[in-house]
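Enquirer: Could you have a look at this structure, given as structure tokens, before my questions?
Rule-based calculations on the coordinates, nothing more; no lab input. All of these numbers come straight from a predicted model, not from anything done at the bench. All Cβ positions, glycine included, derive from the backbone under ideal geometry; neighbour counts span all protein chains shown.
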Amino acid sequence: MQLIHALDPLRSAIDALRADGAIALVPTMGALHDGHLTLVREAKAKAAHVVVSIFVNPLQFGANEDLDAYPRQLERDCALLEAEGVAVVWAPKVETMYPAGFATNISVSGVSEGLDGAARPGHFDGVATVVCKLFNQVLPDVALFGEKDWQQLAVIRRMARDLDLTRPHADAILGVPTVREADGLAMSSRNAYLTREQRAAAVALPTAMRAAIAEIEGGVPVGDALSALARALLAGGFLSVDYAELCDAADLSVLPARSDKPMRLLVAARIGKARLIDNMAVAP
Ligand code: PAF
């Protein structure tokens, strides 16, 4: 496995890999957990070579967010990825990704505006900009993202379609189902911020979401089910609920009532120092 920090050696490595078969890219910010390793295993099933990027992208963090605190553990991450048979870890420095004078921003309207886009202004511009750069740097045949970041996946797919990206083509941007802990909490690098008590309480998130979904699917008005969900989180130890919305699964428009199209329940809530997000399918 090659650990690469600069663009010229990356390009040489990519040329050599491409001569030998297809390339799958798994973009990450490091602090890898089983959710990331599941993406890597899926990537191995899709292409001869897997490239994993590890870059804590300052553009997608707001002024008061956790950029400095975000866990960085490159050596440990590389050991995990080497054991998975990854070909290249692409770990650029900030000044390599954003050299002096960098002035371009990719902003995806519509799908990036509500939910996390409203709660974290500029976040999805930062995501779209860095992911577009990663795609251009690695030119993967396929790219894999976790469905835990459902809105992020929708933003990236929209960007790839709108910009006519061919590597990867929009249809080759694949979502992989969320990997959960035994008690149902979605795996996230930010779970590391939780104390033992907060981690135990955090199970209220998937539990309350499942209860709300059962209510909605059973015919309870959406507003009532979502209010009960928020109350359950606050009673269970969460400090606040940024949003809890039933949305169209594709365009993420908020649904005040059930629809016959695929639906998704999306929630963001704060507990201790962590802001946790999760989403689940809701049957029509
Ligand atoms: O999901 C993430 O880890 C990040 O948002 C991503 C896609 C690697 C872009 O920085």
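Enquirer: Those residues that are among the hydroxyl-bearing types (S, T, Y) and in contact with a helix residue (DSSP H, G or I) (Cβ under 8 Å, 6 or more places away or on another chain), I need them from region 203-239; list them, please.
Expert: Of all residues in region 203-239, those among the hydroxyl-bearing types (S, T, Y) come to 207, 227.
T207 - this is the single residue of region 203-239 that is among the hydroxyl-bearing types (S, T, Y) and in contact with a helix residue (DSSP H, G or I) (Cβ under 8 Å, 6 or more places away or on another chain).
Enquirer: Does region 64-85 contain at least one residue that is away from the ligand (no atom under 16 Å from the Cβ), of a type in the set (K, R) and under 21 Å from the mean Cα position of the chain (by Cα)?
Expert: Among the residues of region 64-85, at least one is away from the ligand (no atom under 16 Å from the Cβ), of a type in the set (K, R) and under 21 Å from the mean Cα position of the chain (by Cα), which makes the answer yes.
Enquirer: I've got another one for you. Return the residues of region 175-193 that are in a strand (DSSP E or B) and more than 13 Å from the ligand (Cβ to nearest atom); say none if nothing qualifies.
Expert: Keep residues of region 175-193 that are in a strand (DSSP E or B), which gives 175-176, 180, 186.
Once the filter is applied, which keeps residues that are in a strand (DSSP E or B) and more than 13 Å from the ligand (Cβ to nearest atom), region 175-193 yields only R180.
Enquirer: Within region 225-284, which residues are loosely packed, with under 14 Cβ neighbours inside 10 Å and of a type in the set (F, W, Y)?
Expert: Correct list: empty.
Enquirer: Just to verify a result, which residue in region 22-49, among those that are part of a loop (DSSP other than H, G, I, E, B), out of contact with any strand residue (DSSP E or B) (no Cβ under 6 Å at 6 or more places or on another chain) and among the small types (G, A, S), is farthest from the ligand (Cβ to nearest atom)? Reasoning before the result, please.
Expert: Within region 22-49, the first condition is being part of a loop (DSSP other than H, G, I, E, B), and the residues that meet it are 22, 29-33, 47-48.
Now narrow it down to the ones that are out of contact with any strand residue (DSSP E or B) (no Cβ under 6 Å at 6 or more places or on another chain): 22, 29, 31-33, 48.
Within this subset, residues satisfying the condition of being among the small types (G, A, S) are 22, 31, 48.
On the way: A22: 20, A31: 9, A48: 22 Å.
The qualifying residue farthest from the ligand (Cβ to nearest atom) is A48.
Enquirer: From the list R196, R167, R158, which one is closer than 30 Å to A13 by Cα and away from the ligand (no atom under 15 Å from the Cβ)? Before you say what the answer is, go through the steps one by one.
Expert: Numbers: R196 fails: closer than 30 Å to A13 by Cα; R158 fails: away from the ligand (no atom under 15 Å from the Cβ).
R167 is the lone residue from the list that is closer than 30 Å to A13 by Cα and away from the ligand (no atom under 15 Å from the Cβ).
Enquirer: Something else now. Which residue is nearest to D34 (Cα to Cα), if the candidates are limited to region 102-132 and must be touching a Phe, Trp or Tyr at 6+ places or on another chain (Cβ under 9 Å), in a helix (DSSP H, G or I) and more than 10 Å from the ligand (Cβ to nearest atom)?
Expert: Only one residue tops the list, namely D116.
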